[in-house]
Amino acid sequence: VFAQNDKKITKDETVYSLLDENGNVTKNIVSDWIKSDSSLGNIQDVSKLTNIKNIKGDEKPTISGDSVNWSISGDDLYYQGESTEKLPVNVSIKYELNGEEIAPNDLIGKSGNVKITIEYTNKEERFVNINGKNEKMYVPFVVMAGTMLDNTKMKNIEVTNGKVLDNGQKTVVVGLACP
């Protein structure tokens with residue numbers, strides 16, 4: 001929450017990362033929502049994003065370095081851009097076929113019981129003074145992972161710490177973690 005021109009303004013940011021089969025980031029898309037208790041008007045934001053675009057309205061920003069200036073008539077702004085910054089969470093993905101570890105590319109064309117394990121490691125540590133003692137703490141994050149699977153190639157899909165949604169043709173698997 002910040003104040004600008006006597007307005008209470010909040011900014012919510014969500015990072016969507018596209019990963020390859022090994023958990024390496026191929027693209028980071030950042031979605032920002034700036035909202036106010038009244039019309040935003042001329043607003044200045046700070047961002048290192050590239051390819052910034054307004055995803056709710058027609059207004060375009062004026063960008064100078066990290067300064068992103070908008071002239072918005074409404075009380076909220078949704079914009080999106082791309083980031084090359086490293087994520088604060090590492091992702092590791094392990095594949096097993098019939099209980100034996102296997103490389104993801106070696107799974108192609110095979111059948112059997114497949115288990116995919118996704119592990120997250122929080123890299124954002126901070127030292128905080130608690131009762132006069134410096135303690136290592138991690139910045140809290142919530143990670144949601146999802147994928148869509150073809151039911152003609154897979155069946156009996158289960159997930160731990162998540163949800164399976166099946167429409168008969170495709171199955172969506174969503175998992176949730178707090179690394």
Original post:
Pairs, please: C-beta under 7 Å, at least 6 apart or cross-chain, first residue touching a residue at least 12 places away in the same chain (Cβ under 8 Å) and open to solvent by less than 100 Å² (accessible area, probe 1.4 Å) and in the stretch 39-62, second of a type in the set (Asp, Glu) and part of a strand (DSSP E or B)?
Top reply: Leu49/Glu82; Thr50/Glu82
Original post:
Is one or more of the residues making up the stretch 73-81 modelled with pLDDT of 95 or more and small (Gly, Ala, Ser)?
Top reply: yes
**OP:** Go through Lys27, Lys8 for me and flag whichever is modelled with pLDDT under 90 and open to solvent by 40 Å² or more (accessible area, probe 1.4 Å).
**Re:** Lys8
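Take Lys153 and tell me if it is open to solvent by 60 Å² or more (accessible area, probe 1.4 Å) and in a loop (DSSP other than H, G, I, E, B). Step through it out loud before you land on a result.
Working: open to solvent by 60 Å² or more (accessible area, probe 1.4 Å): yes; in a loop (DSSP other than H, G, I, E, B): yes.
Judged against the criteria, Lys153 is a match.
Only one residue in Thr117, Thr84 is in contact (Cβ under 8 Å) with a residue 24 or more places away in the chain, among the β-branched types (Val, Ile, Thr) and surrounded by 11 or more Cβ atoms within 10 Å (Cβ to Cβ), so which one is that? Walk me through how you get there before you give the answer.
On the way: Thr84 fails: surrounded by 11 or more Cβ atoms within 10 Å (Cβ to Cβ).
When all the criteria are applied, what remains is Thr117.
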Original post:
Of all residues in the stretch 100-114 being open to solvent by 60 Å² or more (accessible area, probe 1.4 Å) and not in a strand (DSSP E or B), which is nearest to Ile157 (Cα to Cα)?
Top reply: Asn113
**OP:** Would you please list the contacts, defined by Cβ atoms under 7 Å and residues six or more apart or on different chains, that run from a residue in the stretch 132-149 that is touching a residue at least 12 places away in the same chain (Cβ under 8 Å) and closer than 16 Å to Ile93 by Cα to a residue that is open to solvent by less than 100 Å² (accessible area, probe 1.4 Å) and in a loop (DSSP other than H, G, I, E, B)?
**Re:** Val143/Pro179
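The values are calculated or read from the model by the stated rules, or taken from the named source; none is laboratory data. Everything quoted here is computed from the prediction, not taken from an experiment. Note: ideal-geometry Cβ built from the backbone for every residue, glycine included; neighbour counts use all protein chains shown. The accessibility values were calculated without ligands, DNA or RNA, using every heavy atom of the protein model including side chains. Shrake-Rupley method; radii C 1.70, N 1.55, O 1.52, S 1.80 Å.
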